[in-house]
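Peer 1: Here it is, the structure, as structure tokens.
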Amino acid sequence: MPPKSGKGSGHATAFKSLQDTLKWVDLVIEVLDARAPLSSRHPNGQEIFGHKPRLVVLSKEDLADSNKVREWLALMTTQSQTPQKTELPNSVLSLSLKTQKNRGRILDIALQLTEEKRAALKKKGLLPRPMRAVVVGMPNVGKSSLINWIIGKNKAKAANKPGVTRGPQWVRVHPEIELLDTPGFLPAANLTEDVRLKLAMLNLIPETTYNAEEVSRHGLGLLKKTYPTIIEQYMPGTELSSASLEDFATLRHFLTHGGKLDTARAASTFLSDLRNGRLGRMTLDKAPPPL
Ligand SMILES: Nc1nc2c(ncn2[C@@H]2O[C@H](COP(=O)(O)OP(=O)(O)OP(=O)(O)O)[C@@H](O)[C@H]2O)c(=O)[nH]1
Ligand SMILES: [Mg+2]
């Protein structure tokens, strides 16, 4: 039987409960952040979700680099149409909760991907029941807000920090589909340093797990290489090749009471501007060329 809504604690519990949940759901909706479609994936996702029909949603498209999102969509769509690779997602789309684009399509795809199952249940003479779709993904990728956006109501608790949803929660979104909101999972042990730093930049892992200054320095270095014009505009008059967190603190006149450069304030300002799009749109993962 599907579990009732309830409280869980910690990422290990969340992940264990997700594995149990997967036994009885009909569809997986995996939410990835369009600013990091690779880094925000579960490293063992194919193995874990591969045996279920799966829709991948790239969220926060309004904050992401449209060219790179297009490349990722093309790559993932091609993969999903390769018949022998059954473990790959069956459908992929990108969206922003700021627009209505793809709002109806999600339900159409969910119905389409569960068509076989619904027909099989009918054939067995079982009473029709709504299809169960579980919404999974890392913390703060936008799972709960996606559900609210689909139904047009604030039913699932959502907020801009990782770890908001504590236990599974059912939401009926269509007469034939119910969605299960789940707490974000974080496969901390499997994360490479590069991925961990990208997730921290995008606020997808709890702030207690990283040092904001370290993450900002890494982020600044990464953006200097991948989006130099963003940094040139954000730090006008600064020499790009040597631009540092100290330069940024100087530029903004961030000083401590003792008159030293306040790099902690520079780091938190930089991260907050990066996360809410004030620096510009960006996607930190590069799509590999199609096979
Ligand atoms: N700009 C923008 N922000 C978004 C979008 N989707 C979600 N967000 C924001 O992302 C933040 C996280 O949303 P949640 O829905 O709480 O994330 P979650 O995945 O449920 O997080 P946990 O419950 O912690 O696992 C919220 O501040 C949302 O407003 C989007 O398409 N565009
Ligand atoms: Mg949530």
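The values are calculated or read from the model by the stated rules, or taken from the named source; none is laboratory data. Because the structure is a prediction, the values reported are computed rather than measured. Cβ placement follows ideal geometry from the backbone for every residue including glycine, while neighbour counts extend to all protein chains displayed.
Peer 1: Just to be sure I understand, how many residues within region 177-199 are within 16 Å of ligand 2 (Cβ to nearest atom) and part of a loop (DSSP other than H, G, I, E, B)?
Peer 2: 5
Peer 1: Tell me the residue from Arg54, Arg41 that is in the same structural domain as Leu179 (by TED's automatic domain parsing), free of Cβ contacts under 8 Å to residues at least 60 places away in the same chain and within 24 Å of Ala200 (Cβ to Cβ), please.
Peer 2: Values: Arg54 fails: within 24 Å of Ala200 (Cβ to Cβ).
Matching residue, one of Arg54, Arg41: Arg41.
Peer 1: I'd like to check something: does region 251-269 contain any residue that is within 16 Å of ligand 1 (Cβ to nearest atom), crowded, with 17+ Cβ neighbours inside 10 Å and on the phi < 0 side of the Ramachandran plot? Give the derivation first.
Peer 2: Our first condition is that a residue be within 16 Å of ligand 1 (Cβ to nearest atom); within region 251-269, this holds for none.
There is no residue in region 251-269 that is within 16 Å of ligand 1 (Cβ to nearest atom), crowded, with 17+ Cβ neighbours inside 10 Å and on the phi < 0 side of the Ramachandran plot.
Peer 1: Among the residues of region 155-176, are any outside any loop (DSSP other than H, G, I, E, B), within 8 Å of ligand 1 (Cβ to nearest atom) and within 21 Å of Gln100 (Cβ to Cβ)?
Peer 2: Keep residues of region 155-176 that are outside any loop (DSSP other than H, G, I, E, B), which gives 169-174.
From what is left, the residues that are within 8 Å of ligand 1 (Cβ to nearest atom) are none.
No - not one qualifying residue is present in region 155-176.
Peer 1: So, one more: Name every residue in region 136-154 that is near ligand 1 (Cβ under 6 Å from one of its atoms) and aliphatic (A, V, I, L, M), in order of residue number.
Peer 2: Passing the criteria: only Val141.
Peer 1: Does Thr229 satisfy being assigned to a loop (DSSP other than H, G, I, E, B) and either modelled with pLDDT of 95 or more or touching a strand residue (DSSP E or B) at 6+ places or on another chain (Cβ under 9 Å) (or both)? So that I can check it myself, show each step before the final result.
Peer 2: Working: assigned to a loop (DSSP other than H, G, I, E, B): no; either modelled with pLDDT of 95 or more or touching a strand residue (DSSP E or B) at 6+ places or on another chain (Cβ under 9 Å) (or both): yes.
Judged against the criteria, Thr229 is not a match.
Peer 1: Picking from Leu63, Leu97, which residue would you name as being under 19 Å from Arg281 (Cβ atoms), at pLDDT 95 or above and more than 16 Å from ligand 2 (Cβ to nearest atom)? Reasoning before the result, please.
Peer 2: Values: Leu97 fails: more than 16 Å from ligand 2 (Cβ to nearest atom).
The unique qualifying residue is Leu63.
Peer 1: Looking only at region 143-176, filter to residues that are within 11 Å of ligand 2 (Cβ to nearest atom) and among the hydrophobic types (A, V, I, L, M, F, W, C); which one of those is surrounded by the most Cβ atoms within 10 Å (Cβ to Cβ)?
Peer 2: Ile147
Residue-by-condition table, conditions (1) in the same structural domain as Val57 (by TED's automatic domain parsing); (2) within 21 Å of Val28 (Cβ to Cβ):
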| site | (1), (2) |
| --- | --- |
| Ile150 | yes, yes |
| Lys157 | yes, no |
| Arg166 | yes, yes |
| Leu180 | yes, yes |
| Pro183 | yes, yes |
| Arg196 | no, no |
| Ala200 | no, no |
| Leu204 | no, yes |
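Peer 1: In addition: Those residues that are closer than 26 Å to Asn67 by Cα and in contact with a Pro (Cβ under 9 Å, 6 or more places away or on another chain), I need them from region 223-259; list them, please.
Peer 2: Once the filter is applied, which keeps residues that are closer than 26 Å to Asn67 by Cα and in contact with a Pro (Cβ under 9 Å, 6 or more places away or on another chain), region 223-259 yields only Leu240.
Peer 1: Then there is this: Here are the criteria: (1) buried (at least 18 other Cβ atoms within 10 Å of the Cβ); (2) away from ligand 1 (no atom under 16 Å from the Cβ); (3) closer than 30 Å to Leu202 by Cα. Tell me which single one Met131 does not satisfy.
Peer 2: (3)
Peer 1: Let me ask you something else. How about region 15-65: which of its residues are part of a loop (DSSP other than H, G, I, E, B), under 14 Å from the mean Cα position of the chain (by Cα) and either within 17 Å of Leu113 (Cβ to Cβ) or of a type in the set (Lys, Arg) (or both)?
Peer 2: Those that are part of a loop (DSSP other than H, G, I, E, B), under 14 Å from the mean Cα position of the chain (by Cα) and either within 17 Å of Leu113 (Cβ to Cβ) or of a type in the set (Lys, Arg) (or both): Arg35, Arg41, Lys60.
Peer 1: Another question about this same structure. Any residue in region 150-172 that's free of Cβ contacts under 8 Å to residues at least 40 places away in the same chain: show its pairings with residues that are acidic (Asp, Glu) and within 12 Å of ligand 2 (Cβ to nearest atom) at Cβ separation under 6 Å, as long as the two are six or more apart or on different chains.
Peer 2: Short answer, once both residue conditions are applied: Ala156/Asp181; Thr165/Asp181.
Peer 1: Return yes or no: is Lys4 of a type in the set (Lys, Arg), modelled with pLDDT under 80, part of a loop (DSSP other than H, G, I, E, B) and under 22 Å from Arg129 (Cα atoms)? Give the derivation first.
Peer 2: Working: of a type in the set (Lys, Arg): yes; modelled with pLDDT under 80: yes; part of a loop (DSSP other than H, G, I, E, B): yes; under 22 Å from Arg129 (Cα atoms): yes.
Against the criterion (of a type in the set (Lys, Arg), modelled with pLDDT under 80, part of a loop (DSSP other than H, G, I, E, B) and under 22 Å from Arg129 (Cα atoms)), Lys4 qualifies.
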